[in-house]
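Asks: Have a look at this one.
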Amino acid sequence: MCGIVGYIGPRDAYPILIKGLYRLEYRGYDSAGVALHDGGLKLYKTHGKVDDLASLVNGQDASGTSGIAHTRWATHGEPNQVNAHPHYSPSGKLAIIHNGIIENYSSLKAELMNRGYSFSSDTDTEVLVHLIEDIQQNEHTDLEEAVRLALNQVVGAYAIVVISEECPDQLIAAKKGSPLVIGVGEGEFFIASDPTPIIEYTKNVVYLDDEEMAVVPRKGKLRVKTIKNQEKTPYIYHLEMQLSSIEKSGYPHFMLKEINEQPRSIKDSMRGRLNAAKGIISLGGIIDYEQKIINAKRIIIVACGTSWHAGLVGEYLFEDLARIPVEVEYASEFRYRNPVINEGDVVIAISQSGETADTLAAVELARAKGATIIGICNVVGSSIARATHAGSYTHAGPEIGVASTKAFTAQVTILTLMALSVAEKKGTISRSRFYQLIHEVDAIPAKVEQALKVNDEILALSGIFQHARNFLYLGRGYNFPVALEGALKLKEISYIHAEGYPAAEMKHGPIALIDEEMPVVVIATKKGSYDKVVSNIQEVKARKGVIIAIVTEGDQTVKGMADHVIEIPETDEALVPLVATIPLQLLSYHIAVLRGCNVDQPRNLAKSVTVE
Ligand code: G6P
């Protein structure tokens, strides 16, 4: 949802900024721009991707040892050159980049227009830079104070960086609700929406908190203060992230790399938490709050997108194993519908990025009403992780492909460990079932590895179905969320309409859609409602639907009925989503590639949705 980068120091800023934009392109790719300071300000921006910006700048003067750059996911104003960031102030002496939404921008804009200002773009961001300059001129303040006073008038979310022609030796950055991190190098500073543009240069970073601003100098010390003018001592974190984790490492797309990383990422999610031999699960991050989960009258899971699907698996797990009633809520609905939240409720917020605005707002709402909030986030130090009482990081490593894959299986892994740990302490499952399940959890990375071997079969299948216009995905029980996630993956990256449905519910509507043109993916693994799913397959076949079945290794019954069969290793019913999701991820990936879609940057989507 917009990526921002800044640099100030002794080096040429442009190569650092453009590389940083490529790293952040997963956050938005409607338009891109850069402003450089080299005595005066130079600004280049264009509609399109970072590649288009690089072509625009190629051959032009890109000198300057400080600068700011932006890749946009449009909110206010269509994605075009004029609305691209950076935006100039009226005099052209200031330029700003912004990620977020200024909610009161129209009233601020009207006030500024009354005072004679005009605007060239439709963005909320241009209003902010006008306001900063207006304050600077009318109240005779320096840049730092003008930014501070302007931010006190702003309602909404922002991560901004301001560069000034008159202050060649500083950048001003600030944040509220949108992420911002500052890299502290040797005599140089880097600013970005997340650490990926920074770690190549330094692993020492400072995270700004909400309503904090930083005066980032060319030389000397970084200063941080609140927008209420309270000085803060910047705390420097040392990041462990490796450069290889944010590169494609020989894969044609991040998505394929991330799909293939799952045996490792699932293992990383369990590392130090599961000791199958000793029969121990220990989730250090929630240890002080586990009793609250055990005593919970109800668990509410809030999330969006793929994380919501992981939440649905969580519902089955907690109800099945720990016998706690669970409601899974779209964060965007939950926050606006006056939900009943009691002090004894536990809210689990699931988010890969830890920055999804609706999930964050749902967390804040539930926290204000006295619920205990547990986070399951991938990005360490993210806003949601910090807004919760306790939580478990998924440790899946950076996920860069816009369509979420390894984050999903890591989230489900954590939910499985949580549900099992609570169930065992609550006594809702027998010791033998607990042992059986944790040994099976321990075996999941190897089973996922084996499931990945269907890649070539899926590729061949994708060739057959690449021109389909619709897909139906069916599953029951634990496989229902898998069906939803399979359909979402296909929609997101191949733009084929797909619906996920509980298999039995099909006859209450979607069955009307079935004919020989309709591929139906059925997750028909052994156990659970297997026999019922077999009946559902027959219902589809009777109407000439084409069945692609995901079955347990060795299954003969479904093989005899389905048009295409993909076998996956057998596991416990409660753990099937971790394995059954793999072929569906591969199916969407290969179909999208064959259709010539941009898999890592699907149209209109952004990885991290930091606006409502
Ligand atoms: C966006 C992404 C999805 C993701 C969802 C929730 O829509 O495109 O892939 O599942 O946001 O994101 P989160 O970071 O909260 O898991």
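Asks: Where in the range 118-224 are the strands (runs of 3 or more DSSP E), entirely inside, with at least 2 residues that are among the charged types (D, E, K, R) and in contact (Cβ under 8 Å) with a residue 60 or more places away in the chain? Steps first, please.
Replies: Details: elements: 158-164, 167-176, 181-184, 189-192, 204-207, 212-217.
Of the strands (runs of 3 or more DSSP E) lying wholly inside the range 118-224, those with at least 2 residues that are among the charged types (D, E, K, R) and in contact (Cβ under 8 Å) with a residue 60 or more places away in the chain span 167-176.
Asks: To continue, here is another question. Scan the range 535-571 for residues that are outside any loop (DSSP other than H, G, I, E, B) and not β-branched (Val, Ile, Thr) and jot them down.
Replies: The answer is Ser535, Asn536, Gln538, Glu539, Lys541, Ala542, Ala549, His564, Glu567.
Asks: Among the numbered criteria (1) more than 11 Å from the ligand (Cβ to nearest atom); (2) under 29 Å from Ile493 (Cβ atoms); (3) of a type outside the set (Lys, Arg); (4) surrounded by 24 or more Cβ atoms within 10 Å (Cβ to Cβ), which single criterion is violated by Ile376?
Replies: Only one criterion is unmet by Ile376, namely (1).
Asks: Considering the range 384-412 alone, what residues qualify as being within 12 Å of the ligand (Cβ to nearest atom) and either within 15 Å of Ile350 (Cβ to Cβ) or modelled with pLDDT of 95 or more (or both)?
Replies: Ile384, Ala385, Thr394, Ala396, Glu399, Ser404, Thr405, Lys406, Ala407, Phe408, Ala410, Gln411
Asks: In the range 529-548, how many are buried (at least 19 other Cβ atoms within 10 Å of the Cβ) and in contact with a helix residue (DSSP H, G or I) (Cβ under 7 Å, 6 or more places away or on another chain)?
Replies: Looking only at that region, the number is 4.
Asks: From the set of residues in the range 572-612 that are part of a helix (DSSP H, G or I) and among the polar types (S, T, N, Q), which is farthest from Ala303 (Cα to Cα)?
Replies: Residue satisfying both the conditions and the ranking: Ser588.
Asks: Looking only at residues that are crowded, with 24+ Cβ neighbours inside 10 Å and touching a strand residue (DSSP E or B) at 6+ places or on another chain (Cβ under 6 Å) in the range 345-361, which one is modelled with the lowest pLDDT?
Replies: Gly354
Asks: Residues in the range 389-406: is at least one under 30 Å from Asn204 (Cβ atoms), part of a helix (DSSP H, G or I) and touching a Cys at 6+ places or on another chain (Cβ under 9 Å)? Break it down stepwise before answering.
Replies: Step one: filter the range 389-406 for residues under 30 Å from Asn204 (Cβ atoms), giving 389-402, 404, 406.
Those still in the list that are part of a helix (DSSP H, G or I) too: 406.
With touching a Cys at 6+ places or on another chain (Cβ under 9 Å) added as a condition, the list becomes none.
No, because not a single residue in the range 389-406 is under 30 Å from Asn204 (Cβ atoms), part of a helix (DSSP H, G or I) and touching a Cys at 6+ places or on another chain (Cβ under 9 Å).
Asks: Quick one: what pairs do we get from the range 442-467, first residue closer than 14 Å to Glu553 by Cα, second loosely packed, with under 15 Cβ neighbours inside 10 Å, C-beta under 9 Å, 6+ apart or different chains?
Replies: Gln450/Glu553
Asks: Return the residues of the range 362-373 that are among the small types (Gly, Ala, Ser) and either surrounded by 20 or more Cβ atoms within 10 Å (Cβ to Cβ) or modelled with pLDDT of 95 or more (or both); say none if nothing qualifies.
Replies: Within the range 362-373, the subset among the small types (Gly, Ala, Ser) is 362, 366, 368, 370-371.
The answer is Ala362, Ala366, Ala371.
Asks: For the range 309-327, name all the residues that are in contact (Cβ under 8 Å) with a residue 24 or more places away in the chain, buried (at least 18 other Cβ atoms within 10 Å of the Cβ) and in contact with a strand residue (DSSP E or B) (Cβ under 6 Å, 6 or more places away or on another chain).
Replies: Result: Ala310, Gly311, Leu312, Gly314, Phe318, Ile324, Val326.
Asks: Then there's this: Out of the residues in the range 586-611 that are more than 18 Å from Trp73 (Cα to Cα) and hydrophobic (A, V, I, L, M, F, W, C), which is surrounded by the fewest Cβ atoms within 10 Å (Cβ to Cβ)?
Replies: First pass over the range 586-611, keeping only residues more than 18 Å from Trp73 (Cα to Cα): 586-597.
Going one step further and asking which of them are hydrophobic (A, V, I, L, M, F, W, C), we end up with 586-587, 591-594, 597.
Details: Leu586: 27, Leu587: 27, Ile591: 28, Ala592: 26, Val593: 20, Leu594: 15, Cys597: 19.
The selected residue is Leu594.
Asks: Of the residues that make up the range 218-236, is at least one closer than 25 Å to Gly397 by Cα and more than 16 Å from the ligand (Cβ to nearest atom)?
Replies: To start, the set of residues in the range 218-236 that are closer than 25 Å to Gly397 by Cα comprises 235-236.
With more than 16 Å from the ligand (Cβ to nearest atom) added as a condition, the list becomes 235-236.
Scanning the range 218-236 turns up at least one residue that is closer than 25 Å to Gly397 by Cα and more than 16 Å from the ligand (Cβ to nearest atom).
Asks: Also, quick follow-up: Please verify whether Leu94 is under 17 Å from Ile4 (Cα atoms), surrounded by 14 or more Cβ atoms within 10 Å (Cβ to Cβ), more than 27 Å from the chain's Cα centre (by Cα) and of a type outside the set (S, T, N, Q), treating the condition exactly as stated.
Replies: Working: under 17 Å from Ile4 (Cα atoms): yes; surrounded by 14 or more Cβ atoms within 10 Å (Cβ to Cβ): yes; more than 27 Å from the chain's Cα centre (by Cα): yes; of a type outside the set (S, T, N, Q): yes.
In short, yes.
Asks: When only residues in the range 556-585 that are at pLDDT below 95 and among the polar types (S, T, N, Q) count, which is surrounded by the most Cβ atoms within 10 Å (Cβ to Cβ)?
Replies: Thr557
Asks: Kindly establish whether Glu485 is under 25 Å from the mean Cα position of the chain (by Cα), in a helix (DSSP H, G or I) and touching a residue at least 40 places away in the same chain (Cβ under 8 Å).
Replies: When the stated conditions are applied, Glu485 passes them.
Asks: Please enumerate the residues belonging to the range 113-133 that are surrounded by 20 or more Cβ atoms within 10 Å (Cβ to Cβ) and either farther than 23 Å from Lys175 by Cα or more than 29 Å from the chain's Cα centre (by Cα) (or both).
Replies: Answer for the range 113-133, where residues must be surrounded by 20 or more Cβ atoms within 10 Å (Cβ to Cβ) and either farther than 23 Å from Lys175 by Cα or more than 29 Å from the chain's Cα centre (by Cα) (or both): His130, Leu131, Ile132, Glu133.
Asks: When you scan the range 413-443, how many residues do you find that are in contact with a Ser or Thr (Cβ under 8 Å, 6 or more places away or on another chain) and within 14 Å of the ligand (Cβ to nearest atom)?
Replies: Result for the range 413-443: 1.
Asks: Quick test of your reading of the structure: Ser430 fulfils all but one of (1) in contact (Cβ under 8 Å) with a residue 40 or more places away in the chain; (2) surrounded by fewer than 21 Cβ atoms within 10 Å (Cβ to Cβ). Name the failing condition by number.
Replies: Among (1) in contact (Cβ under 8 Å) with a residue 40 or more places away in the chain; (2) surrounded by fewer than 21 Cβ atoms within 10 Å (Cβ to Cβ), the lone unmet condition for Ser430 is (1).
Asks: Looking at Ala451, is it aliphatic (A, V, I, L, M), within 16 Å of the ligand (Cβ to nearest atom) and surrounded by 24 or more Cβ atoms within 10 Å (Cβ to Cβ)? Walk me through it before giving the result.
Replies: Details: aliphatic (A, V, I, L, M): yes; within 16 Å of the ligand (Cβ to nearest atom): no; surrounded by 24 or more Cβ atoms within 10 Å (Cβ to Cβ): yes.
Criteria not met by Ala451.
Asks: Please state which of the following conditions Leu43 fails to meet, knowing it meets all the rest: (1) surrounded by fewer than 19 Cβ atoms within 10 Å (Cβ to Cβ); (2) touching a residue at least 60 places away in the same chain (Cβ under 8 Å); (3) not in a helix (DSSP H, G or I).
Replies: Failed condition: (2).
Asks: Still on this structure, I have one more. Consider Glu364 against the criteria (1) without any contact (Cβ under 8 Å) to a residue 24 or more places away in the chain; (2) within 25 Å of Val422 (Cα to Cα); (3) away from the ligand (no atom under 15 Å from the Cβ): it satisfies all of them except one. Which criterion is unmet?
Replies: Failing condition for Glu364: (3).
Asks: Hey, does the range 470-477 have a residue that's farther than 21 Å from Arg543 by Cα, at pLDDT 95 or above and aromatic (Phe, Trp, Tyr)?
Replies: Within the range 470-477, not a single residue is farther than 21 Å from Arg543 by Cα, at pLDDT 95 or above and aromatic (Phe, Trp, Tyr).
For (1) within 11 Å of the ligand (Cβ to nearest atom); (2) among the hydroxyl-bearing types (Ser, Thr, Tyr); (3) in contact (Cβ under 8 Å) with a residue 24 or more places away in the chain, each residue gets a yes or a no:
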| position | (1), (2), (3) |
| --- | --- |
| Tyr336 | no, yes, no |
| Val346 | no, no, yes |
| Thr359 | yes, yes, yes |
| Ser382 | yes, yes, yes |
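Asks: While we're on this one: Taking Ile287 as the residue in question, decide whether it is surrounded by 17 or more Cβ atoms within 10 Å (Cβ to Cβ), more than 16 Å from the ligand (Cβ to nearest atom) and hydrophobic (A, V, I, L, M, F, W, C).
Replies: No, not satisfied.
Asks: What are the residues in the range 518-534 that are not in a helix (DSSP H, G or I) and not hydrophobic (A, V, I, L, M, F, W, C), if any?
Replies: Pro519, Thr525, Lys526, Lys527, Gly528, Ser529
Asks: Residue by residue through the range 290-330, note down the ones that are of a type in the set (S, T, N, Q) and within 16 Å of the ligand (Cβ to nearest atom).
Replies: Of everything in the range 290-330, those that are of a type in the set (S, T, N, Q) and within 16 Å of the ligand (Cβ to nearest atom) turn out to be Thr306, Ser307.
The values are calculated or read from the model by the stated rules, or taken from the named source; none is laboratory data. The model shown is predicted, which means the values in this text are computed figures rather than measured ones. FYI the Cβ positions are ideal-geometry reconstructions off the backbone, even for glycines, and counts take in every protein chain you see.
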